[in-house]
Each structure stands twice: as C-alpha cells, then as structure tokens.
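Only one structure is covered here, and it is reproduced in the block below.
The values are calculated or read from the model by the stated rules, or taken from the named source; none is laboratory data. Everything numeric here is computed off the predicted structure, so don't read it as measured data. Here Cβ is always computed from backbone atoms with ideal geometry, including for glycine, and neighbour counts include all displayed protein chains.
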C-alpha cells in the first residue's frame, strides 16, 4: 500500500505559530503521521475497486454458465409438472362427471 505524504515539520510549525506548545505540536504531528500512514491512497482504492470488479465479472460469468447448464433440466421438470397437473385435472373432471 502506498503512503500519503504528510509534512510533519510544516504541521508542527503551523501548530506552534497558532500558540501550541512545541512538545504538544511534535506529539500531535507524530500521531497524525502514524494515522495517515495507514490510510489508503486513491491509487490503492482504485486498485481495490478494480479487483472487486474483476471478481464480480468472474462470478457473474460463472453464474450465467451454471444457469445455462440447469436451464434444460428445469424446462423438463416444468414440462413434467404441467403434464402431471393436466392428467390429474383430466382424471378429476372425468371422475366428477
């Protein structure tokens, strides 16, 4: 992961100029440096987004292939259900008549 640049000297000087004690300004500067060093950069985020897009494309293609694979079986099952239902309806209508 790349690191974002953070000018600790400039930050510390700005804090001292605003009236903050030097030790406190240095401590705050160091703390902010540690925090910002762990933040992802825009490039890191773009890379992560691109990686997720690629994974989604791959999963989408995999799901489409699975759907195409089971589609004929589902059609046959649905046809069987329709035939059984029509047979049952016909039998019931003859029995009731």
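Which condition from (1) at pLDDT 90 or above; (2) loosely packed, with under 10 Cβ neighbours inside 10 Å is the one that residue 55 breaks?
(2)
So is residue 29 touching a helix residue (DSSP H, G or I) at 6+ places or on another chain (Cβ under 6 Å), surrounded by 10 or more Cβ atoms within 10 Å (Cβ to Cβ) and either modelled with pLDDT of 95 or more or within 30 Å of residue 11 (Cα to Cα) (or both) or not?
The answer is yes for residue 29.
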